[in-house]
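Since the structure comes first, as structure tokens, the remarks are kept for the end.
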Amino acid sequence: MKIYIKYMVSIRCKMVVKDELNKLGINYGAIDLGEVEIKEILSDEQHNRLKEALFLSGLELMDDKKAILIEKIKNVIIEMVHYEDEFPKIKNSDYISEKLNYDYTYLANLFSEATGTTIEHYIILHKIEKVKELLLYDELSLTEISYKLNYSSVAHLSNQFKKITGLTPSFFKNLKKKNRKGLENM
């Protein structure tokens, strides 16, 4: 049986979930972003205790199928942008559709209806956060960052960065402030 957890977007979140499951004595298998394989049927008491424990850690146990699918979309995007070594060279729509085995149009409509933004805009926001991170690490040039995140050109990356942040990438890099948003807050 799988359970789905909202706001589980980082390795730290996975550690929190693992810790809570261990505290409650719940047997589990794989823990991925947003979902956990449970090896037993949870009693109502276990379910409620887990729900409360996760809530205290800023996470939310989900039961609604549409909300679960929205969270899966978000997690696929987060993995794609933040945790893959290289950005996929196929269209975002094809990548997401393949990962979730759903028609992209259905996913896009569901996502927009529930979040008030498009999947593409959500991807752009995460790509810009990744650009900020890479600029602050100062290990890659803007050209290398542009290539790594599959932008068509440095100019395209720069225009998108300025549109979202109000700053040019070079100005942001010179600020050297770590004013990045946590993935949970996007």
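Every read-out reported here was derived from the displayed coordinates using simple, explicitly stated rules and does not represent laboratory data. Here the structure is a predicted model, which is why all the values come from computation and not from measurement. Here Cβ is always computed from backbone atoms with ideal geometry, including for glycine, and neighbour counts include all displayed protein chains.
Any idea what the relative contact order of the stretch 53-186 is, in percent, if you count C-alpha pairs under 8 Å spaced at least 6 apart? Worked out over the stretch 53-186, it gives 20 percent. For the stretch 62-135 versus the stretch 141-175, the inter-centroid distance based on Cα atoms is 20 Å. Taking 16 Å as the cut-off, the amide N atoms of the stretch 1-44 that come nearer than this to a point 7 Å along the Cα-to-beta-carbon line of LEU56 belong to 16-26. Computed from point charges on the beta carbon alone (+1 for Lys and Arg, -1 for Asp and Glu), the dipole magnitude for the stretch 1-79 about its Cα centre is near 200 Debye.
The residues packed around GLU144, meaning those with a beta-carbon under 14 Å from its beta-carbon, carry a net charge of -2 if Lys and Arg are +1 and Asp and Glu are -1.
For LYS99 and ALA30, what is the calculated FRET efficiency with R₀ set at 22 Å and r taken between the beta-carbons, to the nearest 0.05?
Result of the calculation: an efficiency of 0.90.
Step through the table entries LYS14/LYS72; LYS89/LYS162; LYS6/LYS91; LYS72/LYS148; LYS127/LYS148, compare each Cα-Cα distance with 18 Å, and write down the pairs that go over it. Intermediate results must be reported in sequence, preceding the final value.
On the way: LYS14/LYS72 15 Å; LYS89/LYS162 24 Å; LYS6/LYS91 26 Å; LYS72/LYS148 24 Å; LYS127/LYS148 10 Å.
From LYS14/LYS72; LYS89/LYS162; LYS6/LYS91; LYS72/LYS148; LYS127/LYS148, over 18 Å: LYS89/LYS162; LYS6/LYS91; LYS72/LYS148.
Name the most mobile residue of ASN92, ASN22, ASN75, meaning the one with the largest mean-square fluctuation, in a Gaussian network model of the chain with Cα contacts below 10 Å. Looking only at ASN92, ASN22, ASN75, the largest GNM fluctuation is found for ASN22.
Placing unit charges on C-beta atoms (Lys and Arg positive, Asp and Glu negative, everything else neutral), compute the dipole magnitude of the chain about its Cα centre in debye, rounded to 20.
820 debye
Electrostatic bookkeeping for VAL154 treats Lys and Arg as +1 and Asp and Glu as -1; over the other residues with beta carbon under 13 Å from its beta carbon, the sum is +1. In the chain, helices alone account for a calculated mean residue ellipticity at 222 nm of -18000 deg cm²/dmol, with every DSSP H run of four or more residues adding -39,500 (n - 2.57). Residues in the stretch 118-129 carry Karplus couplings, in order, of 8, 4, 4, 5, 4, 5, 4, 4, 6, 5, 5, 4 Hz; the curve used is 6.51 cos²θ - 1.76 cosθ + 1.60 with θ = phi - 60°, and Gly or Pro positions show x. Since only TYR104, LEU136, LEU125 are under comparison, the one whose Cα sits farthest along the positive direction of the charge dipole of the chain, derived from C-beta charges on Lys, Arg, Asp and Glu, is LEU136. Among the trypsin sites (Lys or Arg not before Pro) found in the stretch 1-90, those both in a DSSP coil and sparsely packed, with 13 or fewer other Cβ atoms within 10 Å of their Cβ, are LYS39, LYS89. Close amide-amide hydrogen proximity is noted between TYR28 and LYS39, each under 5 Å apart and 5 or more residues distant or on a separate chain (H modeled in the peptide plane; Pro and chain starts excluded).
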